[in-house]
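Since the structure comes first, as structure tokens, the remarks are kept for the end.
The values are calculated or read from the model by the stated rules, or taken from the named source; none is laboratory data. Just so it is clear, the model here is predicted, and its values are computed rather than measured. All Cβ positions, even for glycine, are placed from backbone atoms using ideal geometry, and neighbour counts span all protein chains on display.
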């Protein structure tokens with residue numbers, strides 16, 4: 001039996017004495033497609049920062065790929081795509097290929113040369129997200145959904161084993177959201193990339209996601225998506241602290 005990709009055991013965290021996360025325990029196995037759900041202020045971003053090693057837990061243990069997070073060194077195994085649309089400067093003077101190529105910095109080091117096959121790697125990463133025909137286009141000329149695909153390609157070029165996406169559909173037109181998630185499903189199934197999809201919208205859970213974790217300061221549910229489907233809306237209301245409507 002392989003070690004979990006991520007394992008948290010009794011993890012808690014406070015900001016200036018205010019409890020942000022309390023006694024979090026769950027694990028993510030290789031190949032999982034986990035949707036992390038929770039309302040605004042539920043601690044989702046804090047949990048991500050703990051997993052990425054940007055914060056240290058007040059108590060509890062975190063393991064990545066079977067190793068304590070304190071000694072884990074293979075950071076290139078983890079790809080991260082943030083809510084870029086709220087902060088990205090659309091006037092940034094870079095082509096799509098240049099943006100994707102920059103994703104190798106963490107793997108090769110800031111001052112080392114790119115490998116000789118870097119251009120092939122760029123195209124391969126862009127092909128994975130259906131953006132290979134936009135390699136020479138300026139990143140600012142793309143739509144929000146296209147830009148987000150490019151940022152996923154930027155994460156993929158380092159060949160991560162785990163991909164974390166923090167509300168990736170922010171700024172994407174509603175009409176294009178489904179095709180965006182279809183692309184993520186394809187990456188998960190064909191490349192066996194373990195994925196954590198962070199969202200505060202319950203209705204975003206698709207039939208292709210394997211697991212769901214409901215977070216609001218603590219883990220209220222973690223299990224198979226099919227089991228989540230049978231949870232009553234009354235119970236979800238209690239977890240979220242307000243009325244929730246599940247849409248399939």
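Summary table
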quantity: Residue within region 161-169 that is assigned to a loop (DSSP other than H, G, I, E, B), free of Cβ contacts under 8 Å to residues at least 40 places away in the same chain, in contact with a strand residue (DSSP E or B) (Cβ under 9 Å, 6 or more places away or on another chain) and farther than 29 Å from residue 118 by Cβ present; calculated: yes
quantity: Odd one out for residue 62 among (1) closer than 22 Å to residue 180 by Cβ; (2) at pLDDT 95 or above; calculated: (1)
quantity: Subset of region 17-31 [in contact (Cβ under 8 Å) with a residue 60 or more places away in the chain and outside any strand (DSSP E or B)]; calculated: 29, 30, 31
quantity: Which listed residue is in contact (Cβ under 8 Å) with a residue 40 or more places away in the chain and closer than 26 Å to residue 148 by Cβ, from 8, 54, 34; calculated: 34
quantity: Flag if residue 106 is at pLDDT below 85 and closer than 19 Å to residue 165 by Cβ; calculated: yes
quantity: Enumeration of residues in region 70-85 that are surrounded by 12 or more Cβ atoms within 10 Å (Cβ to Cβ), without any contact (Cβ under 8 Å) to a residue 24 or more places away in the chain and either in contact with a helix residue (DSSP H, G or I) (Cβ under 8 Å, 6 or more places away or on another chain) or farther than 17 Å from residue 9 by Cα (or both); calculated: 74
quantity: Residue among 11, 100, 28 that alone is out of contact with any strand residue (DSSP E or B) (no Cβ under 8 Å at 6 or more places or on another chain) and buried (at least 19 other Cβ atoms within 10 Å of the Cβ); calculated: 100
quantity: Of the criteria (1) out of contact with any helix residue (DSSP H, G or I) (no Cβ under 6 Å at 6 or more places or on another chain); (2) surrounded by fewer than 19 Cβ atoms within 10 Å (Cβ to Cβ); (3) not in a strand (DSSP E or B), which one residue 60 fails; calculated: (3)
quantity: Among the candidates 137, 149, 121, residue that is surrounded by fewer than 16 Cβ atoms within 10 Å (Cβ to Cβ) and in contact (Cβ under 8 Å) with a residue 24 or more places away in the chain; calculated: 137
quantity: Residues within region 86-97 that are outside any loop (DSSP other than H, G, I, E, B), modelled with pLDDT under 75 and surrounded by 10 or more Cβ atoms within 10 Å (Cβ to Cβ), tallied; calculated: 0
